[in-house]
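Have a look at the structure below, then the notes.
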Amino acid sequence: MKTVLFGPGKVRSLSVYLEYFFLRFPGTLDPEESWELECLDTYDRLWTRRNQLWVRRSGRTCLVSPPSLFSENDDLKASFGFQAPLTLGKVTAKVRSLAFATDRSVLQGQLVKVRGRSYLVLRGKDDALLKAVENALLADGLEPVVPGSLRMVADRAPAFEGPKAFSTPLGSDSAASFLIERVADELRVGRQYERGIAEDIDTECLHQYRVHVRRARSLVSLGLQWQTLPEWARLKTVLKALQQTTNELRDLDVLLLDFPELANLLPWDEGERLSGWENLLRLRRTAQWRRIRKGMSSEANRFVWAEIPALLSDLSGLGVPWSVSDLATSAFGRSARKLRRSLKGLGPQSPDGALHEVRIRTKELRYALDGLGFLGPPAVTKTLSAALRQTQEGLGLFQDRSVLLDRLKAEREAFRSGKVGADALSFGILLGALAAEHRAQKHRALADCQKLQSRSFLKALKTLDPQPQEADDEPRD
C-alpha cells in the first residue's frame with residue numbers, strides 16, 4: 001500500500017481547503033479527534049534513526065512514520081526483542097480521518113495537526129486514484145512531504161547519537177585517517193551504552209557496547225602500517241581489556257536468556273527442578289553487573305577512555321603512509337589467507353576448536369568486506385559476502401552451544417557439592433540433552449562450511465588474494 005504526504009504549502013487551512021476539494025473528488029471528512037500519544041523507542045533510538053516511531057494510544061501500540069499515524073506494525077514484542085521500550089515523551093495530535101471512494105477502491109487519509117503544523121496523509125492500493133488526487137493537490141499548491149520527516153516529540157529519554165554516516169573514500173585517501181575516524185566513531189557510539197548498562201535497562205545495551213568495541217578492535221587490527229609501534233600495541237591491549245572485562249556478565253546474560261529454552265528441553269516437570277540454579281545464576285549476574293557498574297564509574301575507566309583518543313592522535317602521524325587501497329589489499333589478503341588456512345583439513349572428526357577458528361576467520365573477512373568491499377571486484381565481494389552470511393549463523397549457533405556446554409561442565413561441581421539448591425539429576429538430564437543437540441549442530445555447521453570449501457567460493461577467495469597460501473608466514477592471532 002502506497003502512502004503520500006503533503007504540507008499546506010500555499011494553502012493556509014487544510015481543513016477548509018479539503019471541504020472544497022471534496023467537490024471535485026467526493027469523499028468524507030470526519031470530525032476532529034484529539035489523540036494523546038506516548039512515543040516509544042529503544043535506548044539507542046533504533047526506530048528514530050529510521051525516521052519511524054512507536055506510539056501508544058488507548059492501550060494500543062503501533063509503529064508509524066510521522067507525520068503519518070497509520071499503523072505499519074503492531075508486534076511490539078517481536079520488534080523490540082530483548083530491548084526495553086523507553087518513553088521518549090508524550091504529544092497530543094489532532095486527527096481527522098478522511099476517505100475518497102470509487103467503485104473499485106477506497107483511498108484512506110488523515111489530516112494530522114501536531115507540534116503546530118498540519119499534514120495530509122493519503123494511502124491506498126488504487127494507483128490511478130491516488131495519482132489523480134495527488135496531482136490535483138499538488139496543482140492546487142500543497143507541498144510534498146518526505147515520510148518520517150517530522151520529529152514528533154521532544155526526546156526526554158537519555159540522549160543517544162547514532163553512528164556517523166561516512167562518505168565512500170577514494171582509494172588514494174589516507175588509510176590512517178580512514179581507520180582513526182571509524183575507530184573513534186565506533187567507540188563514541190559504544191560508550192553511550194555505558195549509561196544503559198549502569199541503569200540495567202536491558203541486556204541489549206551490554207551486547208551493543210561489546211559489538212562496537214569489537215568492531216573498533218577489528219578496524220585497529222587492520223592497521224599493519226603501525227605494526228612496529230608501541231602505540232598500536234597499547235591501543236590493541238586497551239580495547240581487548242575493555243571487552244574482556246564484560247565477558248562474564250555477557251555469558252550470564254546469555255545463559256539466563258536461554259534458561260526457559262533449556263528448561264523446556266527436559267521432560268515432565270524436570271525443568272522446574274532447576275529453579276534453584278536459575279536463582280543462583282541471577283545472584284551471580286547481579287554481582288557481576290554491580291562490578292561492571294562500579295568499574296565504569298571509576299577513575300581507571302575514565303583514564304582509559306581519555307587514553308584512547310590520545311593513542312589515536314599519536315598514530316595519525318606515525319607509521320608507513322598507506323593509502324586506503326593499500327589497506328584494502330592488506331586486509332583482503334590477510335583475512336583470505338587465514339580463512340583458507342582454517343578451512344584446510346576441516347572434516348567430520350575436527351575438534352570443536354577448528355570450527356570456532358573458521359567462525360573467527362569468516363567474521364574477520366566479513367568485517368573487511370563490509371568496510372572496504374567497495375575497493376574489491378564487485379562480483380567477487382558479492383559471492384564471498386553471500387556465502388559468509390549463509391554460514392555464520394550455523395557456526396554461531398554451534399559456538400554458543402559449545403560455550404554453554406563448557407560452562408555447564410564447570411557448574412557440575414556446584415551441583416555435586418549440593419550448594420545450588422536444585423536437582424542434580426535434572427541437571428544431568430539437561431547435560432545429556434545438550435550434548436546430543438551439540439552433536440547435531442556440529443553436523444549442520446560442518447555442512448555449512450562445505451559452502452566455504454566449494455570451488456566457486458575458493459575461486460573468489462583466490463581472486464581476492466592471488467598469493468599462494470604458503471606465502472603467509474604471519475603469526476596466528
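Derivation of every value follows stated rules applied to the coordinates shown; laboratory data play no part. As the structure is a computational prediction, the values presented were derived from the model and not from experiment. Here the Cβ positions follow ideal geometry from the backbone for every residue, glycine too, while neighbour counts run over all protein chains shown.
Quick check: the angle from helix 230-244's long axis to the longest principal axis of the chain, C-alpha only, nearest 10 degrees?
Taking Cα atoms only, the helix is inclined about 70 degrees.
Could you tell me the center-to-center distance, by alpha carbons, between segment 175-248 and segment 297-342 in angstrom?
So the two Cα centres are separated by 10 Å.
Using every Cα-Cα pair within segment 2-144, state what percent have a distance larger than 19 Å.
Percent of Cα pairs beyond 19 Å in segment 2-144: 54.
Only Cα pairs under 8 Å and at least 6 apart count here; give the relative contact order of segment 7-123 as a rounded whole percent.
29
Over the chain, what is the relative contact order in percent, taking alpha-carbon pairs closer than 8 angstrom and at least six residues apart?
Here the relative contact order equals 13 percent.
Please report the net charge: other residues with Cβ closer than 12 Å to the Cβ of residue 386, K and R +1, D and E -1.
Residues near residue 386 contribute +4 overall.
Which value, in debye to the nearest 20, describes the size of the charge dipole of the chain about its Cα centre when Lys and Arg Cβ atoms bear +1, Asp and Glu Cβ atoms bear -1, and nothing else is charged?
Charge dipole, the chain, about its Cα centre: 440 debye, nearest 20.
How large is the direction-averaged shadow of the alpha-carbon convex hull of segment 238-366, in nm²?
The orientation-averaged projected area of the Cα hull of segment 238-366 comes to 12.5 nm².
So how far, in whole Å, is the C-alpha centre of segment 38-77 from the one of segment 269-291?
Going from one Cα centre to the other spans 34 Å.
Taking each pair of different alpha-carbon atoms in segment 296-359 once, compute 1/r for the pair, average those values, and report the inverse of that mean as the Kirkwood hydrodynamic radius in Å to one decimal.
So the Kirkwood estimate lands at 15.7 Å.
So what are segment 320-477's ellipsoid semi-axes, whole angstrom, largest first, if each one is the square root of 5 times an eigenvalue of the alpha-carbon gyration tensor?
Working through the eigenvalues yields semi-axes of 38, 16, 13 Å.
Relative to the longest principal axis of the chain, what angle (0 to 90°, nearest 10) does the C-alpha long axis of helix 175-191 take?
In the chain, helix 175-191 runs at an angle near 70 degrees to the longest axis.
Can you tell me the 0 to 90 degree angle between the C-alpha axis of helix 247-264 and the longest principal axis of the chain, rounded to 10?
70
Please give the net charge around residue 439, taking every other residue with its beta carbon less than 13 angstrom from that of residue 439, where Lys and Arg add +1 and Asp and Glu add -1.
+1
What number comes out for the charge environment of residue 293, summing +1 per Lys or Arg and -1 per Asp or Glu over other residues with Cβ under 12 Å away?
+1
Once the Cβ-Cβ distance between residue 300 and residue 127 is put in as r, and R0 is 60 Å, what FRET efficiency do you end up with, to the nearest 0.05?
Approximately 0.45, to the nearest 0.05.
Using 10 Å bins from zero, what percent of all Cα-Cα pairs in the chain falls into each bin?
Spelled out per bin, shortest first, that is 3, 15, 19, 22, 19, 14, 6, 1, 0.
Go through segment 290-362 and name the GluC sites (Glu not before Pro) that are in a DSSP coil and have 12 or fewer other Cβ atoms within 10 Å of their Cβ.
Taking segment 290-362 and a limit of 12 other Cβ atoms within 10 Å, no loop GluC sites (Glu not before Pro) are found.
If packing is taken as the average number of other Cβ atoms within 10 Å across a peptide's residues, how do 347-355, 128-136 rank, most packed first?
128-136, 347-355
Using per-residue counts of other Cβ atoms within 10 Å, averaged over each peptide, order 268-280, 197-209 from highest down.
197-209, 268-280
Return the aspartates and glutamates within reach of residue 2: Cα separation strictly under 13 angstrom, same-chain partners fewer than 8 residues apart disregarded; answer none if there are no such residues.
Qualifying aspartates and glutamates at Cα under 13 Å: 72, 126, 127, 134.
Among 44-54, 438-448, how do they line up by average Cβ neighbours within 10 Å per residue, starting with the highest?
My ranking of the peptides, most packed first, is 44-54, 438-448.
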